[in-house]
Amino acid sequence: MKIIARDIPPRTVWALEQAGVHPLLARLFAARGVRGKDELDDGLARLLPPDTLRGTREAAVLLADAIAQDKRLCIVADYDCDGATACAVGVRGLRLLGGKHVSYLVPDRVVDGYGLTPPIAERVAAAGADMLITVDNGIASVEGVAAAKARGLQVLVTDHHLPGPELPLADVMVNPNQPGCEFESKSIAGVGVMFYVLLALRSELRTRGVFDTATQPKLDALLPLVALGTVADVVKLDANNRRLVAQGLRRIRAGAMPAGVAALFKAAGRTASAATTFDFGFALGPRINAAGRLADMTLGIECLLTDDAGRADELARMLDGINRERRDIEGGMRDQALLLAESLFAADGEGVEAPPPAISVFGADFHEGVVGIVASRIKDRFHRPTFVFAASAAPGKEQELKGSGRSIPGFHLRDALDLVAKRHPGVLLRFGGHAMAAGCTVAREHFPVFERALAQVAGEWLAEAALTRQIETDGPIAREYMRIDLVDTLHREVWGQGFAPPTFSEEVEVVSQRLVGEKHLALKLKHQGQPIDAIWFSHTEPLPPRVKLAFRLDADEWQGVRRLRFLVEGAEV
């Protein structure tokens with residue numbers, strides 16, 4: 001592992017400081033590409049205009065007509081947190097704006113697979129819907145959209161995934177990544193796309209005189225859900241996404257949030273009044289995702305839709321229990337997958353055992369709902385693009401393997417799958433995804449071909465330097481910033497994918513070290529001559545007496561006293 005420091009442009013830091021930004025934040029923001037204080041303005045007025053997102057005007061007309069004609073609208077969701085929040089935003093928003101018949105349907109991960117399939121379209125039509133609206137899926141559902149249209153349904157696709165070679169023939173498509181869309185935030189999440197459609201619909205209804213600016217429904221009540229889905233989907237937090245997240249956090253901290261969000265904070269043991277992006281990514285998001293992985297995402301969506309605090313608490317507790325089960329399953333799978341991955345190691349030119357350029361593993365008893373999480377853990381451990389496969393649990397599909405992959409910088413996972421499909425026709429039955437995460441299905445007999453083919457592509461695309469894990473940091477931290485109040489200041493900001501949380505790096509003296517809970521390394525360090533406690537979660541190997549660490553600042557509370565500590569992210573070896 002190599003620790004490197006980000007470039008910090010001094011003129012930008014100075015300009016931000018002159019504009020009133022705290023010196024430490026000025027340094028952090030400048031290192032992340034912020035050029036002026038105006039980019040830090042998170043006001044709603046600074047959001048990109050809805051009419052710059054292709055399809056929103058047409059979607060607004062389609063929905064306004066449907067509401068005026070009292071049509072039945074059915075949202076087809078996805079079974080992850082982005083899909084669940086997008087569904088809840090869609091249902092709540094359409095009802096706020098006058099929709100009297102708004103329902104939803106979420107596919108079952110095992111039985112239905114991903115996205116709008118022809119059987120899903122048939123179920124929507126059979127339920128009596130007039131219009132089908134996809135959220136967080138649909139851009140690749142050519143056959144599903146065709147089936148819906150054949151049954152007489154109007155179809156509105158709202159999605160953010162990359163399109164395939166053929167686009168579905170929907171009535172309207174809203175997707176920043178569709179051809180011809182000039183919307184600046186290509187990284188907006190599915191929930192953000194649905195929120196933008198609602199903004200456009202409200203504007204259309206104002207034009208039609210249904211209400212005016214004084215009487216129109218306030219859609220900002222949906223922003224806590226938009227923020228949660230955006231962070232949980234690990235999309236790049238560009239300026240527009242950061243504004244959406246900041247607005248949602250602001251409302252949650254003020255106590256203005258759906259009952260289900262409040263209940264999830266309670267179930268996770270987190271404090272809503274001090275909500276952070278870390279809560280979304282590591283506490284609330286996993287609990288909602290667990291429903292889609294092991295049970296039925298309807299539980300997650302219902303938790304986000306209910307306005308009954310008691311019902312919300314009941315559902316949040318159920319989601320918490322499912323998440324505990326998910327963690328147990330993941331632990332066993334992770335250990336087995338690590339052994340399988342290590343069996344692929346081969347000696348390099350110097351006789352040192354090293355992983356292949358890409359790792360693909362399959363376990364006969366793996367749970368397909370957890371393969372993505374385990375792939376992420378293996379990827380983090382070995383710094384290799386990783387796919388983990390499980391046998392499909394769908395009836396009649398037992399000979400199919402469903403895989404989920406996670407990648408490293410410099411390796412576009414979906415493009416790699418596309419190349420594998422071209423080189424080995426018939427091996428990939430289905431695939432899709434993004435640069436850093438993707439999914440695919442292969443026949444069990446073709447798994448060895450896929451494993452070799454992906455490793456071959458990785459070997460061609462990834463230089464040796466890319467196969468060495470790097471941690472980007474903000475360099476040393478001045479002693480004057482080692483304060484609890486600054487930890488709170490940092491936590492209040494919006495950090496995440498593409499706008500990394502502050503991570504510092506320095507050489508420290510290791511005074512003592514011990515294992516806690518058998519899997520975490522507790523440290524007592526000397527940093528700039530001063531004692532400081534540290535913890536390195538999920539790490540058991542001892543450190544040398546002096547070592548360069550990458551770490552984040554954290555506050556540890558014990559018996560009512562809060563003390564500063566380091567959360568170790570890595571050590572340079």
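Under a point-charge model restricted to the Cβ atoms of Lys and Arg (+1) and Asp and Glu (-1), what is the dipole moment magnitude of the chain relative to its Cα centre, in debye to the nearest 20?
Working: 67 positive and 73 negative charges, 181 e Å.
About 880 debye.
Mind checking the dipole of segment 477-532: about its Cα centre, +1 per Lys or Arg Cβ, -1 per Asp or Glu Cβ, Debye to the nearest 20? Before the final figure, lay out each step's value.
Numbers: 7 positive and 8 negative charges, 41 e Å.
Dipole size: approximately 200 debye.
Search the structure for amide H atoms under 5 Å from the amide H of Phe183, placed 1.01 Å from N in the peptide plane, and list their residues when 5 or more places away or on another chain.
When sequence neighbours closer than 5 places are left aside, the close amide H contacts are Arg54.
Using 0.36 nm per residue, how much length does the chain from Glu314 to Gln399 gain when fully extended, once their Cα-Cα distance is taken away? Don't jump to the answer; show the numbers that get you there.
Details: separation 85, 0.36 × 85 = 30.60 nm, distance 3.80 nm.
Roughly 26.8 nm would be gained on extension.
I need the phi-derived Karplus couplings for segment 501-516: 6.51 cos²θ - 1.76 cosθ + 1.60, θ = phi - 60°, integer Hz, Gly and Pro marked x.
Using θ = phi - 60°, the values come out as x, x, 10, 10, 8, 7, 7, 10, 9, 8, 7, 7, 8, 8, 7, 10 Hz.
Provide Cys181, Cys87, Cys303 in ascending order of the number of other Cβ atoms located within 10 Å of each residue's Cβ, fewest first. Can you show the working numbers first?
Working: Cys181 15, Cys87 33, Cys303 29.
Taking fewest neighbouring Cβ atoms as first place, the list is Cys181, Cys303, Cys87.
Based on DSSP H runs of at least 4 residues, each adding -39500 (n - 2.57), what is the mean residue ellipticity at 222 nm of the chain after dividing by all its residues, to the nearest 500 deg cm²/dmol? Kindly include the intermediate steps, with their values, before the conclusion.
On the way: 17 runs with 216 residues, N = 573.
Mean residue ellipticity, 222 nm, calculated: -12000 deg cm²/dmol.
Please turn the phi angles of segment 8-19 into ³J(HN,Hα) values with the Karplus equation 6.51 cos²θ - 1.76 cosθ + 1.60 (θ = phi - 60°), one per residue in order, whole Hz, x for glycine and proline.
Per-residue couplings from phi come out as 10, x, x, 5, 5, 4, 4, 4, 5, 4, 4, 7 Hz.
Out of all DSSP beta bridges with both ends in the chain, state the antiparallel percent to the nearest 5.
Antiparallel bridges: around 65 percent, rounded to the nearest 5.
Using Cα centres only, tell me the gap between segment 359-413 and segment 290-314 in whole Å.
That distance is 26 Å.
If neighbour count is taken as other Cβ atoms inside 10 Å, put Asp233, Asp38, Asp415 in order from fewest to most. Working shown, then result.
Numbers: Asp233 30, Asp38 10, Asp415 15.
With the sparsest Cβ surroundings first, the list reads Asp38, Asp415, Asp233.
I need the shape label for segment 471-571. Rule: rounded when a/c is under 1.5, else prolate if a/b > b/c, else oblate, with a, b, c from the alpha carbon gyration tensor. Numbers along the way, then the final one.
Working: a/c = 1.38, a/b = 1.27, b/c = 1.09.
Taking the square roots of the gyration eigenvalues as a ≥ b ≥ c, segment 471-571 is rounded.
In whole Hz, what ³J(HN,Hα) sequence does segment 271-277 give by Karplus (6.51, -1.76, 1.60; θ = phi - 60°), x for Gly and Pro?
3J(HN,Hα) across segment 271-277, in whole Hz: 9, 5, 5, 10, 4, 9, 5.
First measure r as the distance between the Cβ atoms of Glu472 and Trp558, then evaluate 1/(1 + (r/R0)^6) with R0 = 30 Å and state the FRET efficiency to the nearest 0.05.
Values: r = 31 Å, r/R0 = 1.04.
Calculated value: 0.45.
Which of the listed residues, Pro448, Val157, Ala463, is farthest toward the dipole's positive end in the chain, when Lys, Arg count +1 and Asp, Glu count -1 at the beta-carbon?
Highest projection toward the positive end goes to Val157.
As a test, work out the antiparallel percent of DSSP beta bridges whose residues both lie in segment 343-467, rounded to the nearest 5.
On the way: 20 of 24 bridges.
Taking every DSSP beta bridge with both residues in segment 343-467, the antiparallel ones total about 85 percent.
Over 18 Å between Cα atoms: which of Lys2/Lys379; Lys71/Lys100; Lys186/Lys236; Lys2/Lys548; Lys37/Lys236 fall into that group? Working shown, then result.
On the way: Lys2/Lys379 16 Å; Lys71/Lys100 8 Å; Lys186/Lys236 9 Å; Lys2/Lys548 10 Å; Lys37/Lys236 20 Å.
Exceeds cut-off: Lys37/Lys236.
Among the lysines, which have Cα under 23 Å from the Cα of Lys422 when same-chain residues fewer than 8 positions away are ignored?
Those lysines meeting the cut-off are Lys402.
Please rank Glu451, Glu509, Glu464, Glu353, fewest neighbouring Cβ atoms within 10 Å first, as an exposure proxy.
On the way: Glu451 20, Glu509 13, Glu464 6, Glu353 9.
Placing the least packed residue first, the sequence is Glu464, Glu353, Glu509, Glu451.
In segment 64-115, which trypsin sites (Lys or Arg not before Pro) are in a loop and have at most 14 other Cβ atoms within 10 Å, using DSSP for the loop call?
Numbers: sites: Lys71, Arg72, Arg92, Arg95, Lys100, Arg109; in loops: Lys71, Arg72, Lys100, Arg109.
When the trypsin sites (Lys or Arg not before Pro) of segment 64-115 are filtered for loop state and at most 14 Cβ neighbours within 10 Å, Lys100 remain.
Quick one: if the Förster radius is 30 Å, what FRET efficiency do Glu464 and His424 give, using the C-beta to C-beta distance and rounding to 0.05?
Between Glu464 and His424 the formula returns 0.70.
Which label marks the calculated value of Rg and Dmax of the Cα atoms in Å, given the options (i) 24.3, 84; (ii) 24.2, 75; (iii) 32.2, 127?
(ii)
Please return the longest range in the chain lying between exposed loop sites, taking chymotrypsin sites (Phe, Trp or Tyr not before Pro), DSSP loop only, at most 16 other beta-carbon atoms within 10 Å, and leaving the sites out.
Working: sites that count: Phe211, Phe345, Phe537.
Formally, the longest exposed-site-free interval is 1-210.
Can you find, among Ala295, Val487, Ala550, the residue sitting farthest towards the positive end of the charge dipole of the chain, where Lys and Arg contribute +1 and Asp and Glu -1 at Cβ?
Comparing the listed Cα positions along the dipole, Val487 ranks first.
Loop-only check: which GluC sites (Glu not before Pro) in segment 167-255 are DSSP coil with at most 10 other Cβ within 10 angstrom? Numbers along the way, then the final one.
Numbers: sites: Glu182, Glu184, Glu204; in loops: Glu182, Glu184.
When the GluC sites (Glu not before Pro) of segment 167-255 are filtered for loop state and at most 10 Cβ neighbours within 10 Å, Glu182 remain.
Any read-out appearing in this document is the output of simple, stated calculations on the displayed coordinates, not a laboratory observation. Quick caveat, the model's predicted, so the values are computed rather than measured. Every residue, glycine as well, gets a Cβ built from its backbone with ideal geometry; the counts of neighbours run over all protein chains shown.
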